[in-house]
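The values are calculated or read from the model by the stated rules, or taken from the named source; none is laboratory data. Note that this is a predicted model, so its numbers are computed, not measured. Don't worry about glycine lacking a Cβ; one is built from the backbone with ideal geometry, like all the others, and counts go over all protein chains shown. SASA here: full protein model, heavy atoms, side chains in, ligands and nucleic acids out. Shrake-Rupley method; radii C 1.70, N 1.55, O 1.52, S 1.80 Å.
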Amino acid sequence: MADEIQKIFLERKVKGIIQKLSNPNSDKLIDQLVEVGPEACNYLISALRNKDFKIRKHAAIALGRIKDKKGIEPLIRVLTEDANEEAQKGAEIGLVEMGYNSMKSLIKLLEEDELDDEKKKKVAGALDNMELHNLTKNNQAVYHLAKGNFAECARMGAPAVIYLIKALNKGDDNLKEKAETTLLRIGIPALPDLINTLSGMDDTLRGHVLDILDKMDASTFHTSERASYFLAKGNLEACLELKNTAVNPLIKALEDPRRDVVRNAVEGLKRLGVLSVDELIKELKGRKRKTKGEIAKILGELGDKKAVEVLISCLSDIEPDVRINAAQSLCKIGDERAVPFLINKALLDKDKRVRILTGDILKKMGQTVAPPLIKILEDQKSSEELRETSVKVLGEIHAEIAVDILTKIMLEGKGKLRELAAKALGEIGSKKATEALISVLGDARELSGWQRGYNAAVALGKIRDVRAVPHLIKILNDEGYLPQLQGASADALGKIGDKSVVDELIKALENKKIQREVITSIGALGNPKGVEHLLKIFRAEDSSTPLRSLVIESLGNLGDYSASEDIMKSLKKEQLKIPGLIALGKMREEKAIPLIEEILFDNTSNEEVKSTCIDTLIKIQKKESIISMIKVLKNKDIEATLKRLLIESFPKMGEVIIKPFVEELKKDQENENLNKSLVNILGNLKSTKVIPDFLKLIPEIKSDIIRGEIIIALGNIKDSSAVKLLMEILNDKDNTPFCRKASLVALINIGDNKAINSLIKTSEDENEELRNYSLKILKQIGIPVISEQ
């Protein structure tokens with residue numbers, strides 16, 4: 001009770017004194033409030049909002065003299081926001097009275113970007129009357145910058161740099177200019193902060209800093225700073241010239257927000273190679289999460305075995321991407337030490353992506369992973385998932401040493417594992433497994449064994465052992481088996497390739513459930529006995545378009561011309577155009593060329609159809625198809641990509657193109673670009689068979705350019721039978737300089753002994769162009785020319 005009464009009396013007393021603060025003689029009242037001490041602070045803070053500016057002023061002074069920290073923020077508000085100058089003056093006095101504690105708050109306020117110039121002026125004014133030497137150098141720099149004391153900032157040096165850099169990105173041009181000048185005056189001590197700014201998010205600020213660095217002498221920079229500067233400028237070559245000292249700046253640049261800088265950093269670290277390995281390993285051992293994945297990836301690209309241990313440790317990293325990159329890098333390095341960790345850690349990772357990718361990685365590592373995977377299969381304590389993945393990988397790496405264990409699992413295992421083992425044996429393709437695979441076909445009638453039987457049938461098709469044929473035929477003809485298994489057997493018979501089974505497959509065409517697989521296998525066998533029966537299905541009215549498409553594909557594989565008429569008719573149906581064209585290409589059916597041209601030059605044909613037409617003409621590879629291909633090149637409506645495909649395909653056809661090309665060169669001499677291409681292709685064939693035609697063509701061709709191209713092509717073929725004519729062309733001064741120059745080059749390419757004498761002779765020719773050209777060649781081949789005379 002006594003405390004409450006005392007509190008009430010104190011409140012009345014303080015409020016009473018505050019009400020009198022508007023009187024002229026307020027000093028004694030302020031002293032009384034100071035005597036009350038911190039207990040008066042809350043009342044004084046409230047008084048800072050009083051309507052009477054005199055009360056606000058004197059309350060501020062009293063607060064300052066009490067020195068309670070909670071008064072700092074209210075005093076700063078009065079200083080910066082009160083409209084009355086007297087009240088502001090009181091707040092300034094109060095803050096000065098507060099001393100060091102208020103200085104820190106005022107400096108913090110000056111650092112705020114959003115503080116306007118007027119408020120900044122008031123805050124800096126309050127600091128004018130304080131003992132600034134008690135502040136840190138950085139805080140003093142903030143004050144001097146706010147006051148515009150750039151000379152003082154320059155004198156302070158490094159502590160002022162970060163604040164001068166901030167000033168580059170705010171305020172008017174005058175402030176930016178002064179900040180830039182001051183940073184240049186500070187010079188080398190400013191470099192660390194300037195360089196650090198280059199990796200920031202602010203593009204504008206980065207631009208200002210680069211401008212400053214451009215004006216400084218880069219040769220005075222520390223080498224690591226120089227590397228960062230070159231990297232920020234996009235000058236990777238200059239950065240790499242610094243070798244070892246460029247490594248850490250390049251690693252730091254991996255954190256840069258700009259993708260182009262990160263790309264350069266990655267490329268730079270790779271190019272530095274062994275010089276960067278140790279620092280990359282050290283960085284990967286650190287705690288930085290942001291760049292660990294990228295660094296793990298780079299170490300894999302470098303392929304240094306020193307990185308194996310740290311990459312293995314990354315398989316336990318908290319980030320899945322780091323684990324993935326570490327696993328991929330271990331695969332690229334290919335060190336056997338990594339295999340057990342990839343199997344026992346990455347292959348059991350909680351993240352499905354890591355598990356799947358690790359399986360792919362183990363496949364790429366090849367046979368080195370087979371022994372530890374076999375050990376997993378032999379260990380009954382291994383998890384089911386690990387055993388299943390091991391079986392898959394052993395199959396995909398074709399590990400023949402695993403045939404025995406996989407055979408055992410297929411015969412004695414349970415469920416999915418034995419099914420996977422049957423599939424893996426097919427991937428490996430060893431005939432050692434044939435009898436075991438045949439044996440499980442017997443259990444395939446049972447519902448529980450059909451999947452293993454299916455995989456066994458597929459495997460036997462891949463192994464291609466004829467011992468399996470009678471067993472597969474038995475399943476093919478027995479409808480007691482599931483259609484999936486019968487279809488797999490039909491497919492396997494086609495892959496084994498025993499042509500004698502065609503009659504069994506023809507019989508099986510009646511089984512509609514497996515008709516598609518049987519059709520494919522008849523095509524794969526290549527026995528023409530199947531053609532008639534396939535055509536029967538093709539012509540049947542109830543045959544679907546997809547079924548006809550499959551029949552066309554098989555007929556194309558059989559390559560029997562008796563089916564070509566039916567296939568050509570099918571081209572009228574849009575859905576059958578592409579399979580029909582492909583089949584005619586496989587058959588090399590010359591009769592189809594006019595129809596192919598019609599489809600190709602039809603504006604309604606889509607790009608895929610046109611591309612297939614081109615491919616078909618290439619595969620037919622007969623004189624008529626080459627003539628047709630030349631027509632395509634001359635057609636303005638055909639896409640450039642398709643024409644390029646033809647030009648690239650011609651040399652692969654060989655000498656069959658010679659006669660059609662020569663005939664075209666004689667027939668159409670107006671199309672200079674096409675003729676140039678034709679001549680170049682013939683020259684690149686390097687066939688002596690084209691020489692007689694070329695020699696006859698030279699006098700018949702009107703275009704000087706094409707004649708020159710033919711002459712150069714003769715030089716590329718490098719046969720001496722062309723020398724006589726080439727000498728005649730060179731020595732005949734009525735020929736153009738272009739043709740004479742071409743003859744000279746051709747003679748040199750052929751390597752004829754007369755070429756040197758011809759060179760010397762033409763170096764004295766009356767034609768200046770030919771004369772200079774001869775002198776140039778003489779110098780290039782190392783014959784000294786003292787003077788033109």
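I'd like to know if segment 116-125 contains one or more residues that are open to solvent by less than 30 Å² (accessible area, probe 1.4 Å), in contact (Cβ under 8 Å) with a residue 24 or more places away in the chain, within 30 Å of Ile66 (Cβ to Cβ) and in a helix (DSSP H, G or I). Looking for residues that are open to solvent by less than 30 Å² (accessible area, probe 1.4 Å), in contact (Cβ under 8 Å) with a residue 24 or more places away in the chain, within 30 Å of Ile66 (Cβ to Cβ) and in a helix (DSSP H, G or I), one finds at least one in segment 116-125, hence yes. The criterion of at least 2 residues that are small (Gly, Ala, Ser) is met by the following helices (runs of 4 or more DSSP H) wholly inside segment 392-459: 415-428, 434-441. Within segment 754-777, is even one residue open to solvent by 30 Å² or more (accessible area, probe 1.4 Å) and either at pLDDT 80 or above or on the phi > 0 side of the Ramachandran plot (or both)? No, segment 754-777 contains no residue that is open to solvent by 30 Å² or more (accessible area, probe 1.4 Å) and either at pLDDT 80 or above or on the phi > 0 side of the Ramachandran plot (or both).
When segment 155-184 is limited to residues that are assigned to a helix (DSSP H, G or I) and of a type in the set (Gly, Ala, Ser), the one that is surrounded by the most Cβ atoms within 10 Å (Cβ to Cβ) turns out to be Ala160. Residues in segment 502-535 that are hydrophobic (A, V, I, L, M, F, W, C) and closer than 21 Å to Val440 by Cβ: 1 in all.
Scanning segment 31-82 for residues that are part of a helix (DSSP H, G or I), free of Cβ contacts under 8 Å to residues at least 40 places away in the same chain and under 60 Å from the mean Cα position of the chain (by Cα) gives Lys69, Lys70, Gly71, Ile72, Glu73, Pro74, Leu75, Arg77, Val78, Glu81. From (1) of a type outside the set (Ser, Thr, Tyr); (2) in contact (Cβ under 8 Å) with a residue 24 or more places away in the chain; (3) over 18 Å from Leu135 (Cβ atoms), pick out the condition that doesn't hold for Glu85. Exception for Glu85: condition (2).
For residues that are open to solvent by 40 Å² or more (accessible area, probe 1.4 Å) and not in a helix (DSSP H, G or I), tally how many sit in segment 126-147. Total satisfying the criteria: 3.
When segment 652-707 is filtered for residues that are assigned to a loop (DSSP other than H, G, I, E, B), over 45 Å from the mean Cα position of the chain (by Cα), surrounded by fewer than 18 Cβ atoms within 10 Å (Cβ to Cβ) and of a type outside the set (Ser, Thr, Tyr), the ones remaining, listed by number, are Asp668, Gln669, Glu670, Lys702. Val34 meets each of the listed conditions (1) open to solvent by 30 Å² or more (accessible area, probe 1.4 Å); (2) at pLDDT 85 or above apart from (2). Here Ser199 passes the criteria (1) open to solvent by 30 Å² or more (accessible area, probe 1.4 Å); (2) outside any loop (DSSP other than H, G, I, E, B) except the one numbered (2).
Step by step: first the residues of segment 580-626, then only those that are assigned to a loop (DSSP other than H, G, I, E, B) and open to solvent by less than 80 Å² (accessible area, probe 1.4 Å), then the one that is modelled with the highest pLDDT. Which residue is that? Once the filter is applied, the top-ranked residue is Glu589. Of the residues making up segment 558-579, those that are within 44 Å of the chain's Cα centre (by Cα) and outside any helix (DSSP H, G or I) are Gly559, Leu571, Lys572, Lys573.
Conditions (1) of a type outside the set (Gly, Ala, Ser); (2) closer than 16 Å to Ile401 by Cα; (3) open to solvent by 60 Å² or more (accessible area, probe 1.4 Å), marked per residue:
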| site | (1), (2), (3) |
| --- | --- |
| Ile333 | yes, no, no |
| Val339 | yes, no, no |
| Leu342 | yes, no, no |
| Leu348 | yes, no, yes |
| Arg353 | yes, no, yes |
| Leu357 | yes, no, no |
| Lys363 | yes, yes, yes |
| Gln367 | yes, yes, yes |
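Residues satisfying the criterion are present in segment 474-483 (criterion: open to solvent by 70 Å² or more (accessible area, probe 1.4 Å) and in a helix (DSSP H, G or I)).
When segment 44-103 is filtered for residues that are under 19 Å from Ile17 (Cα atoms), open to solvent by 10 Å² or more (accessible area, probe 1.4 Å) and hydrophobic (A, V, I, L, M, F, W, C), the ones remaining, listed by number, are Ile45, Leu48, Phe53, Ile61, Ile66. What about Lys643, is it in a helix (DSSP H, G or I), open to solvent by 40 Å² or more (accessible area, probe 1.4 Å) and modelled with pLDDT of 85 or more? Taking the combined requirement at face value, the residue does not satisfy it.
The residues on offer are Lys252, Lys290, and the sole one that is part of a helix (DSSP H, G or I) and open to solvent by 30 Å² or more (accessible area, probe 1.4 Å) is Lys252. Total residues in segment 718-748 satisfying the condition of being farther than 20 Å from Asn772 by Cβ, in a helix (DSSP H, G or I) and either touching a residue at least 60 places away in the same chain (Cβ under 8 Å) or not aliphatic (A, V, I, L, M) (or both): the figure is 4.
Taking Ser521, is it closer than 22 Å to Leu460 by Cα and of a type in the set (Ser, Thr, Tyr)? Yes.
Among the residues of segment 389-437, those that are open to solvent by less than 30 Å² (accessible area, probe 1.4 Å), more than 38 Å from the chain's Cα centre (by Cα) and over 11 Å from Leu373 (Cβ atoms) comprise Val403, Thr407, Ile409, Met410, Gly413, Ser430, Ala433, Thr434, Ala436, Leu437. The requirement of being crowded, with 19+ Cβ neighbours inside 10 Å, modelled with pLDDT under 90 and aliphatic (A, V, I, L, M) is satisfied by Ala444.
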